[in-house]
Structure formats: structure tokens, C-alpha cells
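Contents: one structure, followed by commentary.
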Amino acid sequence: MARPSKDFLMAWSSLSGDDAESGWRLIALPPSGPLDVCAGRRSPDNAEAVLVGFPTAKISATEKLPDGQGFSIERVGLEGNGQLWIALSRKSAGSPELFAAMSCDVIGALDDAAEAGVVDARLIRTFIGRVSAWQEFMRKGAQALSPEAEIGLIGELSLLEAIIGAGVGPAQAIESWVGPLDGIQDFEIGTGALEVKATISMNGFSAKIGSLEQLDDSVRQPLFVAGARFRQVESGQSLPELIAAIRAAIQGDAEATRLLSERLLAAGYVDAHEKRYPRKFALNDIRVVMVDENFPRLTHSNAPSGITWAMYEIDLDKAPGDNVGVDGALKQLGAI
């Protein structure tokens, strides 16, 4: 759960001011388990920052830390302290309100992980993973999802729910959901992959294919396309309700909970926007078909010479192939 924003805002306000001498001004906040947490400002730029001290965790000096349009993250050395300190700072062009929300969320994620018993050496991964998810969220515009993207996310989450229901461990299932991380397919699971398409159309199933790689099974095999058809009805579930149901199903699994939060954020979903998704949907059916030589697709191997990139649409209702179902696909993928 995110920390209250007033804790950060009050601290930053009390530290505000011009100081010509370079250095950090800090106010200690309640710790996050074994981790020290401070609100701070660094002179002379006076930008807001959150600093976290990790008593025993180590990261390689060559490891690249996340860096977003509105924030920066760096190792800092605080005099007289042997901890590894990481500072998350707002860039001058970054939104103060968005940075405050990010700070509350990131430290809240550390609180949750520490409460669940995650050790110091693993908490650094929680911190970096959460900041990376915010980096992806900001890269995608930091706005509420479009109606089309909302349907797409509902489709991916419905398949995730089905994968967990089929017996794949929650953390493993969520880790395989790489669509929010700009994976070529939505799920990389077992030996192959699953690409999810969703629609609310009752007449035809137009699916956008974003690249020549998306339906190319030359790297990961087998490859399946899961077409999920929904209908909009008051008896259905909204996007926030579906997310709440998945969170409840994995409650008690700290790793799965952490991964889900990061993936949702990277996908462009934040709880603060939940009132913007009032529509409710019910799943009609999911048709899962293997992509083989008969499946309509463009890849680098069959595109005319000279074509290096393409985006196109196919009608999944007209795509040949038997519906193997989610369980059947997972068995062929070696996931169950």
C-alpha cells in the first residue's frame, strides 16, 4: 500500500529553499523494515528526492539503473554511513504531483515487501523493479488507458487468470507476462509463447498485428494466439474489479504480488485511475489456436523482399485451426 503523500510533502516543504553549497539536506521518515528512508533535497538544484539506505545489499558498479523522463536514480555516498544509499530524484521537467505519487508507491512497495519478510538483499530488487515499472508507465504517457487499451489489458489479465487457474504458479505465471515490458508476445511461457487479442465485437474479430516478429515462431515454439471475446454487460467485471480478484487470488504470495503490481504499472494501470474504468465486461469465450504454416501472418521469412517492417490486421474468426483451449496450449508449451 502506498505511503501517505503528506509525509513526503511536509518534509520537502520544510527543506525547501536556496542553498548555494552543494550537498544533501535530509529528513528521516519512518523506516521500511530494515531500510532507512529519508526525504531530501540536494543543493543547488533543490529538487525533491527520496533516499533509501540498504544495510547489506550490493549492486554492481556497472549495473544500469532506471532513468525516466521525470526522475533520475543514482547511488549516493552519505558521510559516516556504510550503507548503500539510492536516491530517487525529480528532474526539473518532471511533474511534482506525479513524482510524489511515484515516491509514495515505491516506498509503499518496500513496506509491503519488508512486512512479508523479504530480506534486505532482495529489497533492492523490489525497489529497482518498481522504479523500472514507473519508468515504463511514464514512457507510455502516464495517462489513463484508452478504451481500446482497456479491452486489451482485460484480455491479457483474463488469460493470466486462466493460466494461474490451470495450475501454473502465480509468480511464474505473472513473470511470464511480458507484454507490459514490450515483449514481442504477451506471454513467454514454457518453451514458447502466447499472444492475446481481445474484442467486444460480435461480428468478426479484427486483431492488430504490430510487427513482423509478433507471429513469428522461429524463436519460440510453439506459438499460440488466444482470441478473447467479451460483451459489455452490467453483470460483468470492470477492469479494477478483475484486478482486485487476481490480487485476492494471489494474496499471501509476496513475489507474485510484487510482480503483478510492477506489470500493471508498466501496462499503464494505476489504482488512482480506477474510476475512469466504469465499463463492465463478461467473457464470452477464448479461442486458442496454434500459429502454423496455415495461419494467416506476415513474418520476415515470407514478406516480399524489401519489406523490413509491417503492421497489419487479421480476422481471427477466419483463421484456421482447432481451439486447443488454455489448458491444451499450456500442456504443449510444457508449462503444466
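The values are calculated or read from the model by the stated rules, or taken from the named source; none is laboratory data. Here the structure is a predicted model, which is why all the values come from computation and not from measurement. All Cβ positions, glycine included, derive from the backbone under ideal geometry; neighbour counts span all protein chains shown.
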> Any residue at all in segment 304-316 that is assigned by TED's automatic domain parsing to the domain that holds Gly179, in a loop (DSSP other than H, G, I, E, B), touching a Leu at 6+ places or on another chain (Cβ under 9 Å) and at positive phi?
Replying inline: no
>> So if I check each of Leu157, Leu181, which one is farther than 12 Å from Phe224 by Cβ, surrounded by 24 or more Cβ atoms within 10 Å (Cβ to Cβ) and under 15 Å from the mean Cα position of the chain (by Cα)?
In response: Leu157
>> So Val289 passes all but one of these: (1) more than 21 Å from Asp112 (Cβ to Cβ); (2) assigned to a helix (DSSP H, G or I). Which condition number does it fail?
In response: (2)
>> Could you list, ordered by first residue, the pairs with Cβ atoms under 7 Å in which the first is in segment 2-15 and free of Cβ contacts under 8 Å to residues at least 24 places away in the same chain and the second is aliphatic (A, V, I, L, M), at least 6 apart or interchain?
In response: Ser14/Ile27
> Which numbered condition trips up Val288, out of (1) out of contact with any Asp or Glu (no Cβ under 8 Å at 6 or more places or on another chain); (2) at pLDDT 95 or above; (3) aliphatic (A, V, I, L, M); (4) more than 25 Å from Phe205 (Cα to Cα)?
Replying inline: (4)
>> Considering only residues that are more than 15 Å from Ala303 (Cβ to Cβ) and without any contact (Cβ under 8 Å) to a residue 60 or more places away in the chain, which ones fall in segment 200-228?
In response: Ser201, Met202, Asn203, Val219, Arg220, Gln221
>> Out of everything in segment 35-64 that is exposed (fewer than 15 other Cβ atoms within 10 Å of the Cβ) and in contact with an Asp or Glu (Cβ under 9 Å, 6 or more places away or on another chain), what residue ends up being nearest to Arg3 (Cα to Cα)?
In response: Pro55
> Hey, among the residues in segment 83-121 that are of a type in the set (S, T, N, Q) and not in a loop (DSSP other than H, G, I, E, B), which one's nearest to the chain's Cα centre (by Cα)?
Replying inline: Ser103
>> Considering only residues that are more than 22 Å from Arg231 (Cα to Cα) and assigned to a strand (DSSP E or B), which ones fall in segment 184-200?
In response: Phe187, Glu188, Ile189, Gly192, Ala193, Leu194
> Among Ile107, Ile124, which is outside the structural domain of Glu262 (by TED's automatic domain parsing), modelled with pLDDT of 90 or more and surrounded by fewer than 23 Cβ atoms within 10 Å (Cβ to Cβ)?
Replying inline: Ile124
> Which of the following residues is within 21 Å of the chain's Cα centre (by Cα) and either closer than 30 Å to Leu110 by Cβ or surrounded by fewer than 21 Cβ atoms within 10 Å (Cβ to Cβ) (or both): Arg247, Arg220?
Replying inline: Arg247
>> Being closer than 26 Å to Met202 by Cβ and assigned by TED's automatic domain parsing to the domain that holds Val196 narrows it down to one residue among Ala249, Ala282; which is it?
In response: Ala282
>> Any residue that is on the phi > 0 side of the Ramachandran plot, assigned to a loop (DSSP other than H, G, I, E, B) and not aromatic (Phe, Trp, Tyr) - is there at least one of those in segment 218-231?
In response: no
> Can you tell me which of Glu150, Glu156 is touching a Gly at 6+ places or on another chain (Cβ under 8 Å) and at pLDDT 90 or above?
Replying inline: Glu156
> Limited to segment 65-86, what total is found for residues that are touching a residue at least 60 places away in the same chain (Cβ under 8 Å) and surrounded by 14 or more Cβ atoms within 10 Å (Cβ to Cβ)?
Replying inline: 5
> If His273 passes every condition in (1) over 15 Å from Leu160 (Cα atoms); (2) assigned to a loop (DSSP other than H, G, I, E, B); (3) in contact with a Leu (Cβ under 8 Å, 6 or more places away or on another chain); (4) not aromatic (Phe, Trp, Tyr) but one, which one does it miss?
Replying inline: (2)
